[in-house]
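Derivation of every value follows stated rules applied to the coordinates shown; laboratory data play no part. Bear in mind the structure is a predicted one, so any value in this text is a computation, not a measurement. For neighbour counting, all protein chains shown are included, and Cβ atoms are generated from backbone atoms with ideal geometry for every residue, glycine included.
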Amino acid sequence: MSADRKVIIVPEKYSGRSLKRLQLPHPRTGAPCSYYADMESESLLEVVGVDMNGKRSWMGNGWVRSDGSLSMLTPVDPLFIYLSMITNMSVSGEETKFVD
């Protein structure tokens, strides 16, 4: 049994694709958040964790995830990330120039 096993629900559209993991600031809190990028379709997926408070278990081929937690990848518009980053740069007290 491996404690490193995770249960991840991925939209069928992205199943079997090569996704690149990214760490970006969350648009609301600014805290680091995990995302996956699909370069082929130029899509961004946010990792959303679901905690079952230890009331469920997931079982696979020779492994058990006893805490019942799972993650879901949900599509997100990258514009929310970009706007948040630009807004934070412009209110930091320093004048920001995007074009010289």
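Here are the numbers for this structure:
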| item | result |
| --- | --- |
| 3J(HN,Hα) from dihedral phi, region 76-87, Karplus parametrisation 6.51/-1.76/1.60, rounded to Hz, x for glycine, proline | 9, 6, x, 4, 4, 5, 4, 4, 4, 5, 5, 4 |
| Relative contact order of region 30-69, pairs being alpha-carbon contacts under 8 Å that are 6 or more residues apart, as % | 29 |
| Length added when fully stretched, M85-T29, from 0.36 nm per residue minus Cα-Cα | 19.0 nm |
| Hz values of 3J(HN,Hα) by residue in region 25-42 - Karplus curve (6.51, -1.76, 1.60), Gly and Pro given as x | x, 5, x, 8, 9, x, 6, x, 9, 8, 9, 10, 10, 9, 5, 5, 9, 6 |
| Sites matching GluC sites (Glu not before Pro) across region 1-76 that sit in DSSP coil, with at most 16 neighbouring C-beta atoms within 10 Å | E40, E42 |
